[in-house]
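Here, each number is a calculation from the coordinates, and none is a lab measurement. For clarity, every value in this text was computed on a predicted model and none was experimentally measured. Positions of Cβ are backbone-derived with ideal geometry, glycine not excepted, and every protein chain shown enters the neighbour counts.
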Amino acid sequence: MSNLRNKIVFITGASSGIGRSCAVAFAREGARLILAARRAERLDALAEELKQQFSTQSRTIALDVADRDAVFEAVGSLGDSWGDIDILVNNAGKALGLDKSYETRPEHLEGMLETNVKGLIHMTSAVVPGMVDRNHGHVINIGSTAGRWVYPGGTVYCATKHAVRALNEGLKMDLHGTKVRVSSVDPGLVETEFSLVRFDGDHERADSVYSDTNPLTPDDVAETVIWCASRPAHVNISEVLMMAVDQSHATMVNRRGRD
Ligand code: NDP
Ligand code: 8X3
């Protein structure tokens with residue numbers, strides 16, 4: 001039987017892409033899910049789908065992780081049966097635009113910093129004290145290759161993902177001496193709604209990011225998250241860097257055609 005059975009897993013950004021795939025993957029393992037994102041209707045539809053397919057127990061929360069008060073209220077109101085979160089997947093995140101750092105629109109700057117950095121800190125601050133009290137838990141951050149390498153037009157987004165890397169490393173030290181685990185899963189190109197969001201709904205531009213190559217799928221990333229979460233309790237996977245075979249570095253993408 002899976003060691004994730006009946007574990008309570010809180011996933012941010014569960015309405016799309018990697019977060020959605022993580023929800024399905026944890027549901028398959030028999031976990032109980034708290035699904036959060038701003039688009040509540042998508043979460044409700046996912047929860048119903050998982051109930052039908054895996055008999056998954058889940059709760060959905062319409063939540064903007066950038067709103068500190070809302071995050072603390074959401075976590076604080078989970079109650080006895082849902083409040084003891086075993087695994088937090090800090091996945092909500094975005095890139096906005098592809099501009100030089102000094103030409104980044106103020107609303108893009110705010111959007112990336114507020115969600116990718118401050119949102120992740122808010123969620124971690126709301127959930128980790130309970131994990132420390134219980135001396136048990138696992139925070140899994142979704143970082144990125146953008147947290148290791150910078151590419152033209154991605155400076156601000158990459159800076160936020162470098163921050164995620166620092167937060168991941170520092171959190172493990174903050175938790176030194178406890179049994180709480182901290183991992184970062186850092187993928188390269190993954191075909192999701194990420195580029196559609198980055199290019200403000202421009203499908204053609206978004207599709208061109210993944211054209212003629214074979215990027216990771218969100219399910220590939222979710223499988224890795226499950227692997228991190230299901231290691232024996234004394235094992236902490238600090239970080240996983242993963243890319244499609246067709247990608248060798250931030251901007252080295254082999255556009256040899258789709259398999
Ligand atoms: P998607 O755009 O498909 O999904 C992003 C998710 O984040 C959505 O569920 C969205 O939900 C949620 N989200 C965005 N802003 C907020 C917010 N303020 N509060 C709560 N939820 C929010 O992209 P991905 O699945 O690709 O992205 C997931 C993570 O993976 C991000 O952190 C991204 O940086 C990272 N990543 C992505 C890669 C890629 O190539 N796709 C590669 C490496 C890392 P809603 O809009 O409903 O709020
Ligand atoms: C997403 C990967 O290279 O599109 O974090 O920025 S990339």
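Brief remarks follow.
- Failed item, numbered, when Asp99 is tested on (1) within 16 Å of ligand 2 (Cβ to nearest atom); (2) of a type in the set (Asp, Glu); (3) within 17 Å of the chain's Cα centre (by Cα): (3)
- Some residue of the range 156-169 being in contact (Cβ under 8 Å) with a residue 40 or more places away in the chain, in a loop (DSSP other than H, G, I, E, B) and buried (at least 19 other Cβ atoms within 10 Å of the Cβ): no
- Residue within the range 51-58 that is farther than 16 Å from Ala222 by Cα, crowded, with 20+ Cβ neighbours inside 10 Å and in contact with a strand residue (DSSP E or B) (Cβ under 7 Å, 6 or more places away or on another chain) present: yes
- Number of positions in the range 239-257 that are within 21 Å of Asp207 (Cβ to Cβ) and outside any loop (DSSP other than H, G, I, E, B): 3
- Scanning the range 74-93 for residues that are surrounded by fewer than 16 Cβ atoms within 10 Å (Cβ to Cβ) and not in a loop (DSSP other than H, G, I, E, B) turns up Gly76, Gly79, Asp80, Ser81.
- The conditions of being more than 23 Å from Lys94 (Cβ to Cβ) and out of contact with any Phe, Trp or Tyr (no Cβ under 6 Å at 6 or more places or on another chain) are not met by Met243.
- Positions within the range 36-73 being in contact with a Gly (Cβ under 8 Å, 6 or more places away or on another chain) and part of a strand (DSSP E or B), in sequence order: Ala36, Ala37
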